[in-house]
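S.K.: Okay, handing you the structure first.
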Amino acid sequence: MKRLLVLGAGTAGTMIVNKLRHHLDASEWDIKVVDRDDVHPYQPGFLFLPFGAYTAKQITRPRRGTLPKGVDFVIGEVDRVDAAANKVALVDGTTLDYDYLIIASGTTPRPDQTPGMLGEEWRRSIFDFYTFEGSKALAEALKKFDHGRLVVHITDMPIKCPVAPLEFTFLAEAWLREKGMRDRVEIIYVTPLPGAFTKPIASERLGSMLDDRKIAVESDFMVERIDVENKALVSYDEREVPFDLLVTVPLNMGADFVARSGLGDDLNYVPVDKHTLQSKAYPNMFAVGDASDIPASKAGSVAHFSIDIFVDNFMELIAGKPMTGSFDGHANCFIESGDGKGLLIDFNYDTEPLPGTYPLPFVGPMGLLKETRANHLGKLAFRWIYWNILLPGRSMPVPTLMSMVGKKPSNTMTKTTK
Amino acid sequence: MPVTTIDGHQINVNEEGFLTDPTEWTDEIGIALAAQIGITLTDAHWKAIRFLRKDFDEMGETATLRRVSTVGAIPIKELFALFPAKPAKKMSYVAGLPKPHGCV
């Protein structure tokens, strides 16, 4: 019996075991997946919780229910991976042996990494919205917030879903307008990047959308600490941004067991080949989804597209053949912009988000880099798609590799400079 | 890709002026690149540049500020003092390396 061990039953780990259980003969392959709990969150839903759009029930399911028959689900905390011995030790003392290991343990916001963030203002005037608890607490705080400085802040890149802080900002602005409070609130967007987003054309478009909404941008801001007493972000170059309500994206890091096992980089991400997701250190180890160090967005869409490639490669690998699939860094993200509208961006390692239509030329139905009602409806529909098509590993009617069909490259620049 | 002449050497650069071939870099070119952005290199600057060059040789990519601080033992605060406002970009520019790709 061959043993495939997957660490993490989130978006990536769940898609992988659903797909591989179909491909791997149950009489020859034992598949195990480990997670620390039995709650699978629909993470894009956290964005809407602060504005009262979803209930807890709509955005969580038991992990067990998302996994296929014939996959062994183990609840436990990983202590460390002994990659030389092909073993994983859990904190409770259990040892799991493997022939192939897939690390799918994601990335986690770490407020403990910025001095002052977890102090007495945490969840009083300082909030995150990347956790269920954080997002719920922020919903309560927003109910009471009626004037002052709302600061939306990113600690450092990379972060999970890099467009989410912009979406939160747009939604908050629209929400304040709707409540008739917009004139009494100053909104400031604080980012370590030189502009609104990472890629030039999208950054310009999204930057002008912030501008139109009278949202100030404080760019190139690397936070050193939070001055809790004076309620201000303080940067390494000694700029201060005072706040009444701070919505921050803490530093994102991979799992601590990755660091304990000596498998991670300085942010606990596992170095892999960016086209195959195979570990650079161990050929029988892969890191998928947010857990790897590939230079792509940490997003469910990237996990989804890369896993399509990974599964075919894995079947070649175990058949003793060279892996022929090559992941291109394809990402595809809806961006909520408030007032029932949204944008869509579609890009990869080499091509930045461009205007146009998706997935078909002219007819779309989605517009790229453009605010439309269809994109907003697409985002809302995506919750159903996530639970019913994406996680079970059914195929989506869109191409796995990024396509230039429907995109309009500008004359000056089609390649991204990183 | 444009070619430019720095300190008497022909150098390949990208549209932002970053070297596209790190092996074309020399100490003299580093001094000239620093001068272009108004920086006179001191020993402290060189310590950061040497670390970036060595780390790039070993890792194949440019170290982020966090890595220069944790692995290279130069505090981020000091990097902001040495290369004001945009240390990650300025350091890699002077060291003849691509911009670090923390930004996606």
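Here, each number is a calculation from the coordinates, and none is a lab measurement. Predicted model only: the values in this text are computed from it and were never measured. Glycine gets a Cβ as well: all are built from the backbone with ideal geometry, and neighbour counts include every protein chain shown.
S.K.: What list of ³J(HN,Hα) couplings, whole Hz, do you get for the range A:255-266 from phi and the Karplus terms 6.51, -1.76, 1.60, once you set θ to phi - 60° and write x for glycine and proline?
M.R.: Karplus-based 3J(HN,Hα) across the range A:255-266 equals 5, 5, 5, 5, 5, 4, 8, x, 10, x, 8, 5 Hz.
S.K.: Still on this structure: Anyone know which of A:I318, A:I188, A:I75 comes out most mobile in the 10 Å Cα GNM of chain A?
M.R.: Evaluated over chain A, the most mobile residue of the options is A:I318.
S.K.: Could you name the aspartates and glutamates in cross-link range of A:K231, using Cα to Cα under 19 Å and dropping any fewer than eight places away on the same chain?
M.R.: A:D112, A:E120, A:E121, A:D128, A:D146, A:E186, A:E218, A:E240, A:D244
S.K.: Could you work out which residue, out of A:V228, A:V81, A:V363, moves most in a Gaussian network model of chain A, that is, has the largest mean-square fluctuation with Cα springs under 10 Å?
M.R.: A:V363
S.K.: Return the distance in nm (one decimal) between the two label points of a simple spin-label model at A:D72 and A:K57, each offset 7 Å from Cα along Cα→Cβ.
M.R.: Once both label points are built, they end up 3.5 nm from each other.
S.K.: Right, something else. By a straight-distance test (C-alpha under 12 Å), which aspartates and glutamates pair with A:K321 as possible cross-link partners, with residues fewer than eight away in the same chain excluded?
M.R.: Straight-line reach from A:K321, under 12 Å: A:D312.
S.K.: Apply the Karplus parameterisation 6.51 cos²θ - 1.76 cosθ + 1.60, with θ equal to phi minus 60°, to every residue of the range A:293-300 and state each ³J(HN,Hα) to the nearest whole Hz, in sequence, with x for glycine and proline.
M.R.: Result, rounded to whole Hz: 9, 4, x, 10, 5, 7, 8, x.
S.K.: If you don't mind, there's one more thing I want to ask. Looking only at A:A85, A:A137, A:A281, which one moves most when chain A is put into a Gaussian network model with springs between Cα atoms under 10 Å?
M.R.: Among A:A85, A:A137, A:A281, the largest mean-square fluctuation in the Gaussian network model of chain A belongs to A:A85.
S.K.: Another question, if that's okay. How big is the dipole moment of chain B about its Cα centre under a simple scheme where the beta carbon of each Lys and Arg is +1, that of each Asp and Glu is -1, and everything else is neutral? Debye, nearest 20, please.
M.R.: About 520 debye.
S.K.: Please list 3J(HN,Hα) in residue order for the range A:358-374, calculated via the Karplus relation 6.51 cos²θ - 1.76 cosθ + 1.60 where θ = phi - 60°; whole Hz, with x for glycine and proline.
M.R.: My calculation for the range A:358-374 gives 8, x, 10, x, 6, 8, x, x, 8, x, 8, 6, 9, 6, 9, 5, 4 Hz in order.
S.K.: Check A:A299: other-chain or 5+ apart residues with amide H under 5 Å from its amide H, H built from backbone geometry?
M.R.: A:C161
S.K.: Any chance you could get the radius of gyration and Dmax over the Cα atoms of chain B, in Å?
M.R.: Radius of gyration, then largest Cα-Cα span, for chain B: 12.7, 36 Å.
S.K.: Can you tell me the dipole magnitude for the range A:212-267 around its Cα centre, using point charges on the Cβ only (Lys, Arg +1; Asp, Glu -1), in Debye to the nearest 20?
M.R.: 240
S.K.: I need the Debye-formula profile for chain A: one equal scatterer per C-alpha, no solvent, reported as log10 I(q)/I(0) at q = 0.10, 0.12, 0.14 1/Å, two decimals.
M.R.: -0.69, -1.00, -1.34
S.K.: Rounded to the nearest 20 Debye, what is the dipole magnitude of the protein assembly as shown about its Cα centre when Lys and Arg each give +1 and Asp and Glu each give -1 at the C-beta? Can you show the working numbers first?
M.R.: Numbers: 58 positive and 67 negative charges, 311 e Å.
So the dipole magnitude of the protein assembly as shown works out to roughly 1500 debye.
S.K.: Of the beta bridges DSSP finds with both residues in chain A, what % are antiparallel, to the nearest 5? Numbers along the way, then the final one.
M.R.: Details: 38 of 76 bridges.
Rounded to the nearest five, the antiparallel share is 50 percent.
S.K.: OK, next. Lysine pairs, Cα distance under 14 Å, 8 or more residues apart or cross-chain: how many in chain B?
M.R.: 4
S.K.: I've got another one for you. Amide H neighbours of A:V249 under 5 Å, counting only residues 5+ apart in sequence or on other chains, H built in-plane at 1.01 Å?
M.R.: Close amide H contacts, sequence-distant or interchain: A:H153, A:I154, A:T155.
S.K.: If you restrict to DSSP beta bridges whose two residues both lie in the range A:34-99, what percentage is antiparallel, to the nearest 5? The partial results should precede the final answer.
M.R.: Working: 10 of 12 bridges.
Antiparallel: roughly 85 percent of the beta bridges in the range A:34-99.
S.K.: Would you please give the residues with an amide H less than 5 Å from that of A:I335, counting only those at least 5 places away or on a separate chain, with H modeled from the backbone geometry?
M.R.: Sorted by chain and number, the residues that satisfy this are A:L343, A:L344, A:I345.
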